[in-house]
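Taken together, the values in this text are just the output of simple stated rules run on the coordinates, not laboratory data. Please read all numbers here as calculations on a predicted model, not as lab measurements. Please note: Cβ atoms are built from the backbone with ideal geometry, for glycine as well, and neighbour counts cover all protein chains shown.
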């Protein structure tokens, strides 16, 4: 699915986790609605505020004022409650969801929780206030899901699963937009992410990784990541990847008798000609010339 964070792809493709809607409802609350105790759920809770006046949520001890058209995502096991003034009704859409293993009945929320923790400053926050950029897309899909759960038929379960996957794409884009806008004021965090990207390249240089793969790994858009990486390291991510591959190839040329074509594949090139061209550009000679020069230098070392 387009633009889905890597950890979500791993959850769905590798671990076999599927998102399911546990509950959805539209609720109107007036001044008679008073909550004395916190609610705690095992599921993620997506809340769209249709209308609210002089009200706020208490989420894990933090007061979060709410206004018309706000969109909140509350993580599992986070205590929260609504406080509101009498005479000021509030209207909400609430969608609860979690993950289930394909071949098990066991509910799993760990992987998505790890993802949300990754883009959060601290686990203690427990919620995300989603930006307005993609609000209409998210709210529209919420409405469709609520309609399907209200009037289910034979196709509802399948359609619901497609809708919630689409919902995750828009949630991803919304969270990513907020994440990137906050990075400019978090120099240490950005440095940490760039280091993670650099290590990802060093550990996966021999695979068919792309700029999109690297930027998705640290959950930054490709353009923003490429600019930040080059500014920080003085070299583009792809140039760094190619440099790593050539350095690894030099070791193989020096220490093994492998064929040039095999070495090209071993360090991540899909075509020997591409490897030859990049090697010559960086080293000023072909791989075979480099190997011969190295052998000659070893032979001519004075005893």
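Quickly work out the residue 136-to-residue 158 label distance, labels modelled 7 Å from Cα along the C-beta direction, and quote it in nm with one decimal.
Each label point is offset 7 Å from its Cα along the Cβ direction, giving 3.1 nm.
Quick one: 172, 129, fewest Cβ neighbours within 10 Å first, how do they rank?
Sorted ascending by nearby Cβ count, the order is 129, 172.
Order the peptides 211-223, 142-154 from the highest to the lowest mean number of other Cβ atoms within 10 Å of their residues.
By packing density, highest mean first, the sequence is 211-223, 142-154.
Please give the length that would be gained between residue 256 and residue 42 if that part of the chain were fully extended, namely 0.36 nm times their separation in residues minus their C-alpha to C-alpha distance (nm, one decimal).
Separation in residues times 0.36 nm, less the Cα-Cα distance, equals 71.5 nm.
In nm, give the distance between the simple-model label positions of residue 192 and residue 129, each being 7 Å from the Cα along the Cα-to-Cβ direction.
Label-label distance for residue 192 and residue 129, simple model: 2.2 nm.
Before anything else, pin down the relative contact order of the range 186-303: Cα pairs under 8 Å, at least 6 apart, normalised by residue count, whole percent.
21 percent
Calculate, for residue 165 and residue 299, the FRET efficiency according to 1/(1 + (r/R0)^6) with r their C-beta to C-beta distance and R0 51 Å; round to the nearest 0.05.
The computed FRET efficiency comes out at 0.25.
Kindly state, as a whole number, the per residue volume in cubic angstrom of the convex hull around the alpha carbon atoms of the range 186-303.
Normalising the Cα hull of the range 186-303 by residue number yields 124 Å³.
Kindly state, to the nearest 0.05, the FRET efficiency for residue 81 paired with residue 199, given R0 = 41 Å and r defined as their beta-carbon distance.
0.45
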